[in-house]
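*Asks:* Here it is, the structure, as structure tokens.
The values are calculated or read from the model by the stated rules, or taken from the named source; none is laboratory data. Every value quoted in this text rests on a predicted model; they were computed, and no experiment measured them. Cβ sites come from the backbone with ideal geometry, for glycine too, and all protein chains shown count toward neighbours.
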Amino acid sequence: MELLQKLTILSDSAKYDVACTSSGLDRAGRHGSMGSCTAPGICHTFASDGRCVSLLKVLLSNVCAYDCCYCVNRRSNDVPRASFTPRELADLTLQFYQRNYIEGLFLSSAVQLNPDHTTERMVETLRILRQEYHFRGYIHAKAIPGASPELVEQLGLLADRMSVNIELPSERSLNLLCPDKGRKAILTPMGQIAARTAQSREEMQLYRRAPAFAPAGQSTQMIVGATPESDRQILRLSEGLYHKYSLKRVFYSAYIPVTEDRRLPAADTKPPLLREHRLYQADWLLRFYNFTASEILTEEEPNFNPYLDPKCNWAIQHYGMFPVDVNTAPKEWLLRVPGIGPKSALRILSARRQAQLDLEGLRRIGVVLKRAQYFICCKGYGGSRSPKRETVVRALLDPMAFNAGCEQLSLFSAPQVQQLAGSGLPPQIAGRMVQEEVVARYAQKM
Amino acid sequence: MIYRYDGSYPGFLCCVFESFVRKALPLAIEGPETAQLSFFDGRDIPTEANKAARVEASLAPVLGVRAEELVHYAFLSGRPEKELLILRFLHMAFARGRGAAWDYAHPDAAPVLDLEKAVRGEAHLLTGFVRFQVADGMLGAVIRPKNYVLPLLRPHFCGRYPDKDFLIADLTHRTALVYQGGTADYAELPPDFALPPPDAEEAEYQALWKRFYQTIGIRERYNPTVRRTHCPKRYWACMTELQDER
């Protein structure tokens with residue numbers, strides 16, 4: 001088979017994998033080899049769906065022994081099959097890399113024969129890249145659940161980041177939808193990788209030449225919307241994963257129907273993009289804003305508010321705890337203010353050591369006063385004087401949920417807007433109608 | 001009063017010198033590209049190495065290394081009013097001392113910090129968006145940045161391809177970064193500069209890359225707005241996979 005055809009088949013099979021980041025590791029270049037890594041990561045292009053393309057994301061093979069019902073590559077699906085040889089893929093990676101198309105390789109694979117055989121072929125690919133071609137760029141390798149610990153170890157010594165897909169948010173769903181993978185088969189390598197990364201980090205502090213095991217950490221991903229879990233369940237799972245396995249990232253992917261199956265949502269279901277977006281927003285709150293999952297979603301409200309991002313939602317529910325004095329408040333409190341993010345919080349801390357901050361200064365710093373003005377006070381501004389609650393709510397609402405600025409119905413609009421638009425109303429009018437209703441409802445609740 | 005200078009960094013430092021000697025801010029500072037006929041009183045500022053060196057040498061000790069770095073990066077900006085903004089900042093900073101570069105809220109510091117952010121931002125984007133072609137074993141790329149980012153791209157690419165010869169041509173500023181035999185240098189671009197047309201092997205890899213790019217996007221999630229915000233259209237002309245999409 002021609003290389004072009006293989007690449008097409010194997011990147012098409014890999015495209016539903018979410019993670020394409022190249023972050024978490026600084027590694028300078030060196031004479032006699034090619035490549036380097038930078039900790040923030042580099043995006044090399046953006047695909048037509050707006051996602052960053054950083055790594056050559058392909059499967060080594062899409063010939064799969066498993067039959068997970070949500071997956072395009074499942075055994076029973078009638079799709080063209082192909083496999084790279086390890087050397088073919090290593091060569092292609094190097095050629096793309098020297099043209100600066102990519103930051104490195106994202107290597108995953110369908111389970112060819114069995115997990116061990118698959119992993120051996122992955123190890124061989126990475127060995128050629130690292131040891132024969134002296135490649136120092138980024139490599140993300142996917143651990144195949146069920147592979148022997150020795151092979152996972154070899155993989156981790158060659159890769160920079162590893163990931164094991166947790167696939168679905170609960171064990172019940174996993175057993176239902178992918179009968180070949182067990183929860184234990186997924187969590188075992190995850191635990192092994194976490195322990196080995198921590199161990200190698202310690203060793204590297206003791207002796208310089210200690211081998212690095214997955215120095216950029218590990219990540220995972222799960223599918224959202226194929227199974228009935230609540231947002232709260234998902235977020236608590238992520239929180240647990242961050243703590244227990246020191247994951248760098250948890251990725252969420254809105255379920256896109258690739259098959260008809262009575263265990264799955266109907267094939268004409270739209271991918272729940274707004275829900276996925278809210279999950280990422282909440283994920284950021286966990287990682288950069290010192291929020292806990294139980295603060296973001298409560299037992300009474302286990303699902304995200306479609307109209308407000310989770311931080312604004314929290315701020316409205318805790319309106320009584322504001323305003324925050326920007327000139328004295330600690331960083332944790334600055335981060336709770338809608339319109340102040342980690343960057344502007346750091347700048348505020350730095351700038352207020354120089355001089356007392358006023359509204360103009362905050363604007364220059366980059367604080368979004370449209371939202372922040374109702375939650376802060378500063379020099380020359382004692383806080384917004386008893387604003388109408390409707391005004392506050394209106395300032396915080398997420399315009400995206402109401403189809404703002406789009407002629408056509410956006411996939412990101414709230415379910416209620418989609419419903420109204422589906423009944424024949426122009427999307428913009430539907431958006432405005434829902435917005436008025438929501439403003440009144442939340443103002444009353446405040 | 002309007003200052004006119006030769007557009008170089010030492011030339012700009014001489015404008016700074018002049019302004020501090022006269023204890024006054026000019027109305028504008030014009031380089032060779034931005035110069036225009038005007039009714040205002042103009043003054044040609046000659047570039048003198050000793051004056052430039054005196055100003056440069058005072059930056060780090062008096063204002064701190066961060067302020068020095070800030071001035072250096074901000075000067076790489078492509079915005080026409082950058083000189084005046086930096087000069088304003090320097091007047092404020094020499095009056096205030098070391099804290100100036102940290103005062104994100106100050107009306108004279110914020111615009112210069114914005115210049116720096118734009119320069120660093122564009123350089124970071126280009127570390128990803130530069131597209132090399134292979135011809136005769138050498139890598140060649142063309143860019144059209146708004147800011148003069150070659151000095152920032154230099155350490156990145158020299159570190160990444162330490163044993164490859166390469167060239168990055170900045171068409172906006174008519175300058176090339178040339179890395180050959182382990183040393184990097186800048187060169188002026190000849191007016192008729194163009195990369196050689198791709199040979200068969202190069203064309204094959206370009207085709208492979210384009211195919212990969214077209215395949216990796218998920219149709220059900222098509223989102224041109226997000227793509228444009230992350231990868232503005234002005235970069236597309238120099239990017240292999242996006243050239244045809246314009």
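*Asks:* Taking the stretch A:26-71 as the region of interest, how many residues are more than 28 Å from B:Val226 (Cβ to Cβ), within 7 Å of chain B (Cβ to nearest Cβ), hydrophobic (A, V, I, L, M, F, W, C) and in a loop (DSSP other than H, G, I, E, B)?
*Replies:* 1
*Asks:* Something else now. Evaluate the following for A:Lys343: is it part of a helix (DSSP H, G or I), modelled with pLDDT of 95 or more and within 14 Å of chain B (Cβ to nearest Cβ)? If you could, list the steps in order and put the result at the bottom.
*Replies:* Values: part of a helix (DSSP H, G or I): yes; modelled with pLDDT of 95 or more: yes; within 14 Å of chain B (Cβ to nearest Cβ): yes.
Judged against the criteria, A:Lys343 is a match.
*Asks:* If you scan the stretch A:291-300, which residues turn out to be under 27 Å from A:Lys331 (Cβ atoms), out of contact with any Phe, Trp or Tyr (no Cβ under 9 Å at 6 or more places or on another chain) and in a loop (DSSP other than H, G, I, E, B)?
*Replies:* If we filter the stretch A:291-300 for residues that are under 27 Å from A:Lys331 (Cβ atoms), which is where we start, we get A:291-298.
Remaining after also requiring out of contact with any Phe, Trp or Tyr (no Cβ under 9 Å at 6 or more places or on another chain): A:292-294, A:298.
Across the stretch A:291-300, the qualifying residues are A:Thr292, A:Thr298.
*Asks:* So which of A:Thr125, A:Thr118, A:Thr93 is assigned by TED's automatic domain parsing to the domain that holds A:Cys52 and either closer than 29 Å to A:Glu276 by Cβ or part of a loop (DSSP other than H, G, I, E, B) (or both)? Give the steps one after another, and end with the answer.
*Replies:* On the way: A:Thr125 fails: either closer than 29 Å to A:Glu276 by Cβ or part of a loop (DSSP other than H, G, I, E, B) (or both); A:Thr93 fails: either closer than 29 Å to A:Glu276 by Cβ or part of a loop (DSSP other than H, G, I, E, B) (or both).
Exactly one residue qualifies, and that residue is A:Thr118.
*Asks:* Kindly check whether there is at least one residue in the stretch B:96-105 that is within 10 Å of chain A (Cβ to nearest Cβ), surrounded by fewer than 23 Cβ atoms within 10 Å (Cβ to Cβ) and of a type in the set (Ser, Thr, Tyr).
*Replies:* no
*Asks:* What single numbered condition from (1) surrounded by fewer than 19 Cβ atoms within 10 Å (Cβ to Cβ); (2) touching a residue at least 60 places away in the same chain (Cβ under 8 Å) fails to hold for A:Gly104?
*Replies:* Unmet for A:Gly104, out of (1) surrounded by fewer than 19 Cβ atoms within 10 Å (Cβ to Cβ); (2) touching a residue at least 60 places away in the same chain (Cβ under 8 Å): (1).
*Asks:* Sort out which residues of the stretch A:1-25 are assigned to a loop (DSSP other than H, G, I, E, B) and among the small types (Gly, Ala, Ser), and write them in order of number. Steps first, please.
*Replies:* Our first condition is that a residue be assigned to a loop (DSSP other than H, G, I, E, B); within the stretch A:1-25, this holds for A:1-2, A:15-25.
Those that are assigned to a loop (DSSP other than H, G, I, E, B) and among the small types (Gly, Ala, Ser): A:Ala19, A:Ser22, A:Ser23, A:Gly24.
*Asks:* Something else now. Of all helices (runs of 4 or more DSSP H) completely enclosed by the stretch A:358-446, which ones contain at least 3 residues that are over 30 Å from A:Arg347 (Cβ atoms) and over 28 Å from the mean Cα position of the chain (by Cα)?
*Replies:* Numbers: elements: A:359-365, A:369-372, A:389-396, A:415-422, A:427-445.
In the stretch A:358-446, A:415-422, A:427-445 are the helices (runs of 4 or more DSSP H) which contain 3 or more residues that are over 30 Å from A:Arg347 (Cβ atoms) and over 28 Å from the mean Cα position of the chain (by Cα).
*Asks:* Also: Evaluate the following for A:Leu349: is it within 14 Å of another protein chain (Cβ to nearest Cβ), free of Cβ contacts under 8 Å to residues at least 24 places away in the same chain and within 25 Å of the chain's Cα centre (by Cα)?
*Replies:* No: the conditions fail for A:Leu349.
*Asks:* All but one of (1) among the basic types (Lys, Arg); (2) surrounded by fewer than 18 Cβ atoms within 10 Å (Cβ to Cβ); (3) touching a residue at least 40 places away in the same chain (Cβ under 8 Å); (4) within 11 Å of chain A (Cβ to nearest Cβ) hold for B:Arg144; state the number of the condition that does not hold.
*Replies:* If we test B:Arg144 against (1) among the basic types (Lys, Arg); (2) surrounded by fewer than 18 Cβ atoms within 10 Å (Cβ to Cβ); (3) touching a residue at least 40 places away in the same chain (Cβ under 8 Å); (4) within 11 Å of chain A (Cβ to nearest Cβ), just (4) comes out false.
*Asks:* Here's another thing I want to ask about it. Identify, please: which residue in the stretch B:183-204 is touching a residue at least 12 places away in the same chain (Cβ under 8 Å) and surrounded by 13 or more Cβ atoms within 10 Å (Cβ to Cβ) and is, among those, nearest to the other protein chains (Cβ to nearest Cβ)?
*Replies:* B:Glu202
Let's see how each residue does on (1) more than 30 Å from B:Lys210 (Cβ to Cβ); (2) at pLDDT 95 or above; (3) not β-branched (Val, Ile, Thr):
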residue	(1), (2), (3)
B:Leu87	yes, yes, yes
B:His91	yes, yes, yes
B:Pro107	yes, yes, yes
B:Val112	yes, yes, no
B:Glu116	yes, yes, yes
B:Gly121	no, yes, yes
B:Thr127	no, yes, no
B:Phe132	no, yes, yes
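*Asks:* Looking at the stretch A:317-329, is at least one residue more than 14 Å from chain B (Cβ to nearest Cβ), out of contact with any His (no Cβ under 9 Å at 6 or more places or on another chain) and hydroxyl-bearing (Ser, Thr, Tyr)? Let's see the steps before the verdict.
*Replies:* Taking the stretch A:317-329 and keeping what is more than 14 Å from chain B (Cβ to nearest Cβ), we get A:317-325, A:328-329.
Narrowing further to those that are out of contact with any His (no Cβ under 9 Å at 6 or more places or on another chain): A:317-325, A:328-329.
Right, trim to hydroxyl-bearing (Ser, Thr, Tyr) and you get A:319, A:328.
Yes, the stretch A:317-329 contains a residue that is more than 14 Å from chain B (Cβ to nearest Cβ), out of contact with any His (no Cβ under 9 Å at 6 or more places or on another chain) and hydroxyl-bearing (Ser, Thr, Tyr).
Yes/no matrix, rows are residues, columns are (1) facing chain B (nearest Cβ under 9 Å); (2) surrounded by fewer than 19 Cβ atoms within 10 Å (Cβ to Cβ); (3) modelled with pLDDT of 95 or more; (4) closer than 22 Å to A:Gln131 by Cβ:
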site	(1), (2), (3), (4)
A:Met1	no, yes, no, no
A:Cys20	yes, no, no, no
A:Asn73	no, no, no, no
A:Asn77	no, yes, no, no
A:Leu89	no, no, yes, yes
A:Arg99	yes, no, yes, no
A:Val111	no, no, no, no
A:Thr118	no, no, yes, yes
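*Asks:* Next question, about the same structure. Suppose we keep only residues that are closer than 21 Å to A:Ser13 by Cα and of a type in the set (A, V, I, L, M) within the stretch B:205-246. Which one would you say is surrounded by the most Cβ atoms within 10 Å (Cβ to Cβ)?
*Replies:* B:Ile216
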